[in-house]
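Read through the structure below, which is laid out as structure tokens, and then see the notes.
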Amino acid sequence: MAAPNRLVLFQGVPATGKTTTSRAVADALGERGRPYGWALEEDRAHPFFGSDVRRRHRDSDYDEQCLRRWKAVVDDCRDRAWVLEGCAFQSTVRFMYEQAWAVERIEDYWRRFAEIVA
């Protein structure tokens, strides 16, 4: 029986090796014959969080849009493993802080995010 596909997230401050390490993990999956996807947070053509999503960061339902995208990531993990660099925090919560969202709303977002990716 094949191992289940996984979602691997790399988060951290700039210049800590997120890109290098995430690329190495993705390459290792490929070398083992596992189907995988790899994406960088700032890639305009990101399969889940491209510029179309970031462009909507001022929408009142931005958190809901992001959670729907995370659900799509998890759904896609049925077919392949995904290695994502920087997406969980930088592409979503950064915008929430910039817009001074209430702490409770951000905490609720993280709770729901954790449920989706668990």
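Among the residues of segment 61-70, just one is open to solvent by 60 Å² or more (accessible area, probe 1.4 Å) and either of a type in the set (Val, Ile, Thr) or under 18 Å from GLN11 (Cα atoms) (or both), namely ARG69.
Does ARG78 meet the test of being farther than 23 Å from SER51 by Cβ and either of a type in the set (Asp, Glu) or assigned to a loop (DSSP other than H, G, I, E, B) (or both)? Spelling it out, ARG78 is indeed farther than 23 Å from SER51 by Cβ and either of a type in the set (Asp, Glu) or assigned to a loop (DSSP other than H, G, I, E, B) (or both).
A search for C-beta distances below 7 Å between a residue of segment 36-60 that is under 23 Å from ASP79 (Cβ atoms) and surrounded by fewer than 20 Cβ atoms within 10 Å (Cβ to Cβ) and any residue that is at pLDDT below 90 and among the basic types (Lys, Arg), counting only pairs 6+ apart in sequence or on different chains, returns GLY50/ARG44.
Can you say whether GLU41 is at pLDDT below 90 and touching a Cys at 6+ places or on another chain (Cβ under 7 Å), as far as the supplied structure shows? Yes: the conditions hold for GLU41.
Looking at (1) within 10 Å of the chain's Cα centre (by Cα); (2) more than 25 Å from PRO35 (Cβ to Cβ), which is the only condition GLN99 fails? Result: GLN99 passes all but (1). When segment 103-118 is filtered for residues that are assigned to a helix (DSSP H, G or I) and either within 16 Å of LEU9 (Cα to Cα) or in contact with a Pro (Cβ under 8 Å, 6 or more places away or on another chain) (or both), the ones remaining, listed by number, are TRP110, PHE113, ALA114, GLU115, ILE116, VAL117.
Answer yes or no: is there a residue in segment 44-57 that is in contact with a Gly (Cβ under 7 Å, 6 or more places away or on another chain) and among the basic types (Lys, Arg). Checked segment 44-57: at least one residue is in contact with a Gly (Cβ under 7 Å, 6 or more places away or on another chain) and among the basic types (Lys, Arg). Restricted to segment 87-102, and to residues there that are part of a helix (DSSP H, G or I) and more than 14 Å from GLU41 (Cα to Cα), the residue that is most open to solvent (accessible area, probe 1.4 Å) is TYR97.
If you check ALA26 against the conditions, is it within 19 Å of VAL74 (Cα to Cα) and of a type outside the set (S, T, N, Q)? Yes: the conditions hold for ALA26. Each residue in segment 1-48 was checked for being assigned to a strand (DSSP E or B) and β-branched (Val, Ile, Thr), and 1 pass. Residues being open to solvent by less than 50 Å² (accessible area, probe 1.4 Å) and more than 17 Å from LEU9 (Cα to Cα) are entirely absent from segment 71-86.
Yes/no per residue for (1) at pLDDT below 95; (2) of a type in the set (D, E, K, R):
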{"position": "ALA45", "(1), (2)": "yes, no"}
{"position": "PHE49", "(1), (2)": "yes, no"}
{"position": "ASP52", "(1), (2)": "yes, yes"}
{"position": "SER60", "(1), (2)": "yes, no"}
{"position": "ASP79", "(1), (2)": "yes, yes"}
{"position": "GLN90", "(1), (2)": "yes, no"}
{"position": "PHE95", "(1), (2)": "yes, no"}
{"position": "ARG112", "(1), (2)": "no, yes"}
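The values are calculated or read from the model by the stated rules, or taken from the named source; none is laboratory data. These numbers come from a predicted model, not from an experiment. Neighbour counts are summed over all protein chains in view; Cβ atoms, including those assigned to glycine, are modelled from backbone coordinates with ideal geometry. Ligands, DNA and RNA are excluded from the accessible area calculation, which covers all protein heavy atoms including side chains. Shrake-Rupley method; radii C 1.70, N 1.55, O 1.52, S 1.80 Å.
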